[in-house]
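*Asks:* Please read through the structure below; I'll follow up with questions.
The values are calculated or read from the model by the stated rules, or taken from the named source; none is laboratory data. Note that the coordinates shown come from a computational prediction; the quantities given were computed from them, not determined experimentally. Neighbour counts are summed over all protein chains in view; Cβ atoms, including those assigned to glycine, are modelled from backbone coordinates with ideal geometry.
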Amino acid sequence: MFDYAEHDLQGVLEKGYEFEKSHFKCLVKQLIEGMAYLHERGIMHRDIKGGNILLTKNGVLKIADFGLARDFKKVNNLNFTTKVVTRWYRAPELLLGNANYSEAIDLWSIGCFIAEMFTGKPIFPGKSDSD
């Protein structure tokens with residue numbers, strides 16, 4: 001059983017909603033704290049994007065969709081697949097094919113999405129990895 005969240009942030013952005021400064025800062029704080037919680041426990045999400053960030057009607061942010069998540073603290077060989085994270089939020093090391101990456105890829109994705117929340121559009125909307 002999971003809590004119900006009325007919105008995902010991608011849908012909110014697509015509807016053209018502009019966040020007030022205080023609300024924007026609150027959401028960013030919740031997102032960073034949520035990711036810190038996961039990383040402290042050795043979990044890489046590996047697919048941070050607006051559709052996987054849920055928002056309740058009370059303004060509580062929830063990170064969702066752990067289908068690509070991996071435990072990185074229990075793994076001795078940190079060679080993972082590079083076909084993770086939606087392309088627009090994919091870290092440079094993944095685009096360059098480096099299979100030896102860390103939880104830093106989640107931080108890159110968060111940064112891309114924060115910029116998207118701020119500007120209202122993706123900052124790296126490529127159609128291919130090389131684009």
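*Asks:* Hey, can you tell me all the residues within the range 27-52 that are part of a helix (DSSP H, G or I), acidic (Asp, Glu) and within 15 Å of the chain's Cα centre (by Cα)?
*Replies:* Glu33
To keep it simple, each residue is scored yes or no on (1) buried (at least 20 other Cβ atoms within 10 Å of the Cβ); (2) assigned to a loop (DSSP other than H, G, I, E, B); (3) at positive phi.
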site: Leu54; (1), (2), (3): yes, no, no
site: Asn58; (1), (2), (3): no, yes, no
site: Thr82; (1), (2), (3): no, yes, no
site: Trp88; (1), (2), (3): no, no, no
site: Gly97; (1), (2), (3): no, yes, yes
site: Ile105; (1), (2), (3): yes, no, no
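*Asks:* Now, a different point. Considering only residues that are assigned to a helix (DSSP H, G or I), modelled with pLDDT under 95 and among the hydrophobic types (A, V, I, L, M, F, W, C), look in the range 5-26 and name the one that is nearest to the chain's Cα centre (by Cα).
*Replies:* Selected residue: Leu9.
*Asks:* Let me ask something else. So, in the range 107-117, exactly how many residues are surrounded by fewer than 18 Cβ atoms within 10 Å (Cβ to Cβ) and either touching a Leu at 6+ places or on another chain (Cβ under 9 Å) or touching a residue at least 24 places away in the same chain (Cβ under 8 Å) (or both)?
*Replies:* 2
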